[in-house]
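To keep things clear, I will list the structure first and then write my remarks on it.
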Amino acid sequence: MKRILISCIIVGALCTSCKDQPLIFHFSEGPIHGTSFHITYEYPQNKDLDQKFLSLMKKFELSLSTYLPESVVSRINSNDPDVELDTYFRTVFKRAQQISTRTDGAFDITVAPLVNAYGFGFTEREIVTDARIEELLSITGYQKIRIQGDNVIKDDPRLMLDVSAIAKGYSVDIVAMFLEDEGVENYLVEIGGEMRCRGINPKGIPWQVGVDKPIENMLERQILIILSLTDISLATSGNYRQFYEENNVKFSHTIDPKTGRPVTHNLLSATVLAPDCMTADAYATAFMVLGLERSMELVNSDPDLEGYFITNASDGTFKSTYSEGLEAILEDKY
């Protein structure tokens, strides 16, 4: 369930003044977690906190990166009997299991062997046959793994975890909570398209965030909507940029944990707003598995969630569907 990084661009991040007092904002960017981060924050002491949150993100990777063999999750995947569970892993695992239950398994971090087999994970792509899918389905399922005390218990030792569809959002939360602990009242933290904001931007207004049209070519990016956000988290998932074609068949990176196959419905992207980015991140992936109708049902039944969905109409045009709570924060609709 490796995530595509749908570009949500930050609009209007130039430092200006707010009211009669200048706001002292810092801007930091760079590579992290196999993607990039952009962080804008107000810190009146006129000094930056960059090195502190960079150190925090590096520590985070040592827990949840599937690409670092020494990370906690990698050692769990390799059945290392001496691995010690840390707070990062415990938090992500607990929330993942809750959302798996809430979505009836549409979100499932044990789908790693299937994602890997299709070439979207952290191992080499395989030749996927019906028999291979059935074999991999027999060792996946969020009900087949649990934490007991200080240990992870697997029903099958071949079971592996891919937390990429929730960990990036949690990393955003970790940085955001650090900034809040430092007394930062205005910030936007964005890592790989997932983001969390608080307060106002350097122009003294709510943060303006654009969501892209679902166009495959990154060089032809166009903004579909602009959201006016404050004190909220946002994550977007989609199928239109991360895929491959074989024998005239398109294989999407979003794998349905129940069928073991890439999804084929007409939902192109799902943008989710939630109080924390870990939750938004996981639901965005789950909604790409569930499709529009079921996703809207879940959003409308949860007061903490809002959703903006883009589907592909039969005539090739895009159709937008969104929850009622988004109407007030849609700055531009195209």
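The values are calculated or read from the model by the stated rules, or taken from the named source; none is laboratory data. A quick note: this is a predicted structure, and the numbers were derived from the prediction, not measured. Every residue, glycine as well, gets a Cβ built from its backbone with ideal geometry; the counts of neighbours run over all protein chains shown.
If I filter region 291-322 down to residues being polar (S, T, N, Q) and not in a loop (DSSP other than H, G, I, E, B), which single residue comes out as nearest to residue 225 (Cα to Cα)? Don't jump to the end; show me each part of the working.
Within region 291-322, the first condition is being polar (S, T, N, Q), and the residues that meet it are 295, 300-301, 311-312, 314, 317, 320-321.
From the residues that got through so far, the ones that are not in a loop (DSSP other than H, G, I, E, B) too are 295, 300-301, 311-312, 320-321.
On the way: 295: 20, 300: 21, 301: 24, 311: 14, 312: 16, 320: 10, 321: 12 Å.
So, considering only residues that are polar (S, T, N, Q) and not in a loop (DSSP other than H, G, I, E, B), the one nearest to residue 225 (Cα to Cα) is 320.
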Residue 165, sole failed condition from (1) at pLDDT 95 or above; (2) surrounded by 20 or more Cβ atoms within 10 Å (Cβ to Cβ); (3) in a helix (DSSP H, G or I): (1)
Residues of region 37-54 that turn out to be under 23 Å from residue 193 (Cβ atoms) and among the hydroxyl-bearing types (Ser, Thr, Tyr), as a count: 2
So is residue 330 over 19 Å from the mean Cα position of the chain (by Cα) and touching a residue at least 12 places away in the same chain (Cβ under 8 Å) or not? yes
Which of the residues that make up region 65-89 are surrounded by 15 or more Cβ atoms within 10 Å (Cβ to Cβ) and assigned to a helix (DSSP H, G or I)? 72, 73, 74, 75, 76, 77, 88, 89
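Identify the residue in region 95-145 that is among the basic types (Lys, Arg) and either outside any helix (DSSP H, G or I) or touching a residue at least 24 places away in the same chain (Cβ under 8 Å) (or both) and, among all such residues, is nearest to residue 263 (Cα to Cα).
Initially, region 95-145 is screened for residues among the basic types (Lys, Arg), giving 95, 102, 125, 132, 144.
Right, trim to either outside any helix (DSSP H, G or I) or touching a residue at least 24 places away in the same chain (Cβ under 8 Å) (or both) and you get 95, 102, 125, 144.
Numbers: 95: 24, 102: 19, 125: 18, 144: 23 Å.
Once the filter is applied, the top-ranked residue is 125.
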Residue 204 meets each of (1) in contact with an Asp or Glu (Cβ under 9 Å, 6 or more places away or on another chain); (2) over 30 Å from residue 114 (Cα atoms) with one exception, condition (1)
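For region 263-299, how many residues are buried (at least 22 other Cβ atoms within 10 Å of the Cβ) and out of contact with any Pro (no Cβ under 9 Å at 6 or more places or on another chain)? Show your work before the answer.
Of all residues in region 263-299, those buried (at least 22 other Cβ atoms within 10 Å of the Cβ) come to 267, 269-274, 277-290, 295, 299.
So of that shortlist, the ones also out of contact with any Pro (no Cβ under 9 Å at 6 or more places or on another chain) come out as 267, 270-274, 277-288, 290, 295, 299.
Final tally of qualifying residues: 21.
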Close pairs from region 192-205: first crowded, with 22+ Cβ neighbours inside 10 Å, partner of a type in the set (D, E, K, R), Cβ under 8 Å, at least 6 apart: 192/3; 192/168; 194/168; 194/281; 196/173; 196/276; 197/231; 202/42
I want to confirm something. Restricting to region 41-64 and keeping residues that are in contact (Cβ under 8 Å) with a residue 40 or more places away in the chain and within 21 Å of residue 167 (Cα to Cα), which single residue is surrounded by the most Cβ atoms within 10 Å (Cβ to Cβ)? 64
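If you take just the strands (runs of 3 or more DSSP E) that sit entirely in region 206-263, which of them hold at least 2 residues that are at pLDDT 90 or above, within 21 Å of residue 324 (Cα to Cα) and of a type in the set (D, E, K, R)? Let's see the steps before the verdict.
Values: elements: 207-212, 223-229, 232-238, 243-246, 249-252.
Result: empty, no element qualifies.
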